[in-house]
Amino acid sequence: MGNDRTGNTDRLEGRNSVLEALRSGREINKLWVLDQGKPDARLSEIISEARKRKIVMVTASRAALDKMSTTHNHQGVIAACASHEYADLDTVLSKCAEEGRAPFIVVLDELKDAYNLGSVLRISDAAGVDAVIIPKHRSIGLDSAVAKASAGAIEYVPVVRVTNIASTLRDLKKNNGFWVMGTAAEGTTPYDGADYKGAIAIVIGSEGEGIREHVRKECDFLLSIAMKGKVNSLNAAVAAGIVIFEAAKRREDA
């Protein structure tokens, strides 16, 4: 299965993002820390971890950090680091096979909002998802805003980037025995009544547009979330959270 393993992130911002990168062993070239006299407990922890790893640290004024920041919410720390590498799907599947468990994968069809992707990574980390798949084109990638929104989860959840989502789903079904389920308002299978056992891929559509038609055709069935309110739609990350945690619970119970 072809996938792109080249990341494009060279900055991390925010305390959670930087601390989790340090803890995970990610290669960090330089750290800029707010010059504020005595650092608070969280910043002290970051400084301590960086010193243990002998990472170059520079103190900087808030104005200097503000100028460097792309997220506009650096929380007093910015790290220059090696680019995020995307995971290899075959490697993810092989790891699951070696550990004797059925893979649990989330597929995002052209998500474009950094906060939504970061949130899905946090959800996936908490729920024990094995990998998140995103398309190479017309989708947000692993940038500093996503890293910030993920609160460090980006360091632990493998993200696979593929050229064609539909063909990847076909390969997963044909060669790896996956069941593929999408989320859609017109779905006929209630999300809390689906069978989540075995190798599964849950497809989440883009903000506003949902799952594209040719991707939808690769889904074995569509999941619906019953709603009673006046606004009859959910944010992509919220819908993902509802379905992913239900799937995780059912798989654990099974």
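The values are calculated or read from the model by the stated rules, or taken from the named source; none is laboratory data. Keep in mind that this is a model prediction, so the values were computed, not measured. Positions of Cβ are generated from backbone atoms using ideal geometry, with glycine treated the same way; all protein chains shown enter the neighbour counts.
Restricted to segment 199-237, and to residues there that are free of Cβ contacts under 8 Å to residues at least 24 places away in the same chain and not basic (Lys, Arg), the residue that is nearest to residue 90 (Cα to Cα) is 213. Screening 121, 65, 142 for residues that are in contact with a His (Cβ under 7 Å, 6 or more places away or on another chain) and free of Cβ contacts under 8 Å to residues at least 40 places away in the same chain leaves exactly one candidate, 65.
So is residue 186 of a type in the set (Asp, Glu), within 29 Å of residue 254 (Cβ to Cβ) and modelled with pLDDT under 95 or not? The answer is yes for residue 186.
For residue 153, the stated conditions hold: it is within 9 Å of the chain's Cα centre (by Cα) and crowded, with 19+ Cβ neighbours inside 10 Å.
Scanning segment 58-87 for residues that are at pLDDT below 90, surrounded by 12 or more Cβ atoms within 10 Å (Cβ to Cβ) and in contact with a helix residue (DSSP H, G or I) (Cβ under 8 Å, 6 or more places away or on another chain) returns 70, 71, 81, 84.
Within segment 18-51, the set of residues being touching a Ser or Thr at 6+ places or on another chain (Cβ under 7 Å) and crowded, with 19+ Cβ neighbours inside 10 Å comprises just one member, 33. For residue 246, the stated conditions hold: it is crowded, with 17+ Cβ neighbours inside 10 Å, under 19 Å from residue 124 (Cβ atoms) and either in contact with a Pro (Cβ under 7 Å, 6 or more places away or on another chain) or in contact (Cβ under 8 Å) with a residue 40 or more places away in the chain (or both).
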